[in-house]
Amino acid sequence: MMQILNKILLFGMAFSRAPYLRLPSLFVLLSFLFFGPRNGISQTKSNTETPSPPIHFGKESGSFRIFFGGEEIGEEKFQIIEEASALKAIAEIRIAVDREKEKVVFLIHAALQFTRSFEPLSYQVVQEAGPNKMRARVNFKPGKSEAIYETGKETDTRQIELKKDVMILDDNVFHHYLVLVKRYDFSKGGQQEFSAFVPQQFLSGAVSVADKGKEMVQIGNKNLSLQHLLVDTGELQISLWLNESHELLKLSVPKSNVDVLRE
């Protein structure tokens, strides 16, 4: 395994149950998606069978403000564009954290290509912090998909068996939850199960999404009546709040003290 460079954990848990799943990543900033033992779910393969209806949105763009402990630490700018019969979701994330009495800026570039039936085709994420750089690429194939990690001159290639409609929910890439919202069947409601994969940590499992109804939520100086979806990874609960058009306006992880607001 490649050497882990400048790894930072602002919050989250170590992989004490499965240390062999640690990724050779450059750093982990806002890592909070951990798959715990829920309903016999494996940490390497999920048996969820929720059908994937075609996705129904075209171009979309926006930005999220990222807060940790009430302090704004970064921003994510994203856009989803149509490419023939597929869609591409791209983002640029900037996060500034205090490290050894100095401010360190981390840049993340992510690009996910997927079909209208939520089948991922390719994914790439690049993380940079000063001279340090890490790149991860995933090629999704029938049977075993291939993940390639590059840090400096070192390369690590791995294979993993994933469902064809696995959700990509990568560390620090918040617009991936916007795609998860599109995946939820509001006409069916209730609790729905999805297979998920965190490329930067080479970790797969399952998440459940449940509709908790309308709630009053304060965003800025406004109190809004928003739809609440609760995402449960088995270790953490992530709250998503949506407007009437099912646009993701706020993401919150109380256990990790993280809030993400859409501008």
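The values are calculated or read from the model by the stated rules, or taken from the named source; none is laboratory data. In this text, all values refer to a predicted model and were calculated from it rather than measured experimentally. Here the Cβ positions follow ideal geometry from the backbone for every residue, glycine too, while neighbour counts run over all protein chains shown. Heads up: the accessible areas ignore ligands, DNA and RNA and are worked out on the full protein's heavy atoms, side chains in. Shrake-Rupley method; radii C 1.70, N 1.55, O 1.52, S 1.80 Å.
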Here the residues within segment 90-116 that are open to solvent by less than 50 Å² (accessible area, probe 1.4 Å) and at pLDDT below 90 are Val97, Val104
Among residues of segment 168-182, those that are open to solvent by less than 10 Å² (accessible area, probe 1.4 Å) and more than 15 Å from Val198 (Cα to Cα), counted
2
What about Lys133, is it surrounded by fewer than 14 Cβ atoms within 10 Å (Cβ to Cβ) and at pLDDT below 95?
no
Picking from Asp185, Asp165, the residue that is open to solvent by 20 Å² or more (accessible area, probe 1.4 Å) and part of a loop (DSSP other than H, G, I, E, B) would be Asp185
Look at Ser16 and say whether it is at pLDDT below 55 and either within 18 Å of the chain's Cα centre (by Cα) or open to solvent by 60 Å² or more (accessible area, probe 1.4 Å) (or both).
yes
Looking only at segment 197-216, count how many residues are open to solvent by 10 Å² or more (accessible area, probe 1.4 Å) and either closer than 25 Å to Ser122 by Cα or touching a Phe, Trp or Tyr at 6+ places or on another chain (Cβ under 9 Å) (or both).
3
Go through segment 74-156 and tell me which strands (runs of 3 or more DSSP E), entirely inside it, have 1 or more residues that are farther than 24 Å from Leu178 by Cβ and free of Cβ contacts under 8 Å to residues at least 60 places away in the same chain.
86-99, 102-115, 144-151
